[in-house]
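Enquirer: The structure follows.
The values are calculated or read from the model by the stated rules, or taken from the named source; none is laboratory data. Everything numeric in this text was worked out from a predicted model, so none of it was measured. Every residue, glycine among them, receives a Cβ derived from its backbone with ideal geometry; neighbour counts consider all protein chains shown. Accessible surface is based on the protein model in full, side chains and every heavy atom, while ligands, DNA and RNA are left aside. Shrake-Rupley method; radii C 1.70, N 1.55, O 1.52, S 1.80 Å.
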Amino acid sequence: MRKPITTGAVVILLAVIASFAAEGAKMKITSSAFQEGGNIPSKFTCDGSDTSPPLQITGVPSEAKSLVLIVDDPDAPGGLFTHWLIWNIPPQTNSIAEGSAPKGVQGTNDFGKSGYRGPCPPPGTHRYSFKIFALDRELELRSGAKRSQVDAAMKGHVIAQGELVGRYARKK
């Protein structure tokens, strides 16, 4: 009776270790425009000039072949809403200037457009996640691909990741 429980515990432990390894190491993504968990200035939203905030990236593993940047709103009424999607960013990229996009391939956001579209939530405060992923390869996707295609292509290739979360509520 004890052997199946021990075997089961070992299997679970190995699965947990494998899931941590699959998620990769920690990278850091920050912005000089807002702090982790802080409010995103309206300048970077639909209430302002709707330009992308400046971003800094650190901790990219030397073995990374490309980076992926995804900005989304997990609090959107219809579920996860993607605001920006770029892949095949050179792994040497350590900053993205305000109002610009890094070199790479842009996908189609959930506004049906390519490029950055800032927070523009219905009433209430929403969280916005700026996620950076280091991959062990480049993605073979055409420009304009959607989030589901990028997520599927990344699966099993993430070697490190980081996240910056900001908040925004419209002032109507």
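Enquirer: Please enumerate the residues belonging to the stretch 41-63 that are crowded, with 20+ Cβ neighbours inside 10 Å and either of a type outside the set (Val, Ile, Thr) or outside any loop (DSSP other than H, G, I, E, B) (or both).
Expert: Across the stretch 41-63, the qualifying residues are Phe44, Ser52, Pro53, Leu55, Ile57.
Enquirer: Out of the residues in the stretch 144-161 meeting the condition of being surrounded by fewer than 18 Cβ atoms within 10 Å (Cβ to Cβ) and small (Gly, Ala, Ser), tell me which one is farthest from Asp47 (Cα to Cα).
Expert: Gly156
Enquirer: Among the candidates Leu80, Leu164, Leu141, single out the residue that is loosely packed, with under 15 Cβ neighbours inside 10 Å, touching a strand residue (DSSP E or B) at 6+ places or on another chain (Cβ under 8 Å) and among the hydrophobic types (A, V, I, L, M, F, W, C).
Expert: Just a single option satisfies the conditions, and that option is Leu80.
Enquirer: Cβ contacts < 9 Å: first residue modelled with pLDDT of 95 or more, restricted to the stretch 30-58; second residue of a type in the set (A, V, I, L, M) and open to solvent by 40 Å² or more (accessible area, probe 1.4 Å), any location; separation 6+ or different chain. Result?
Expert: The qualifying pairs are Ser52/Ala97; Ser52/Ala101; Pro54/Ala97; Leu55/Ala97.
Enquirer: Now for a different question. Failed condition for Gly112, given (1) in contact (Cβ under 8 Å) with a residue 24 or more places away in the chain; (2) open to solvent by 30 Å² or more (accessible area, probe 1.4 Å), with all others met?
Expert: If we test Gly112 against (1) in contact (Cβ under 8 Å) with a residue 24 or more places away in the chain; (2) open to solvent by 30 Å² or more (accessible area, probe 1.4 Å), just (1) comes out false.
Enquirer: Also: Take the residues of the stretch 27-40 that are under 15 Å from Gly118 (Cα atoms) and of a type in the set (A, V, I, L, M, F, W, C): which is most open to solvent (accessible area, probe 1.4 Å)?
Expert: Among those residues, the one meeting the criterion is Ala33.
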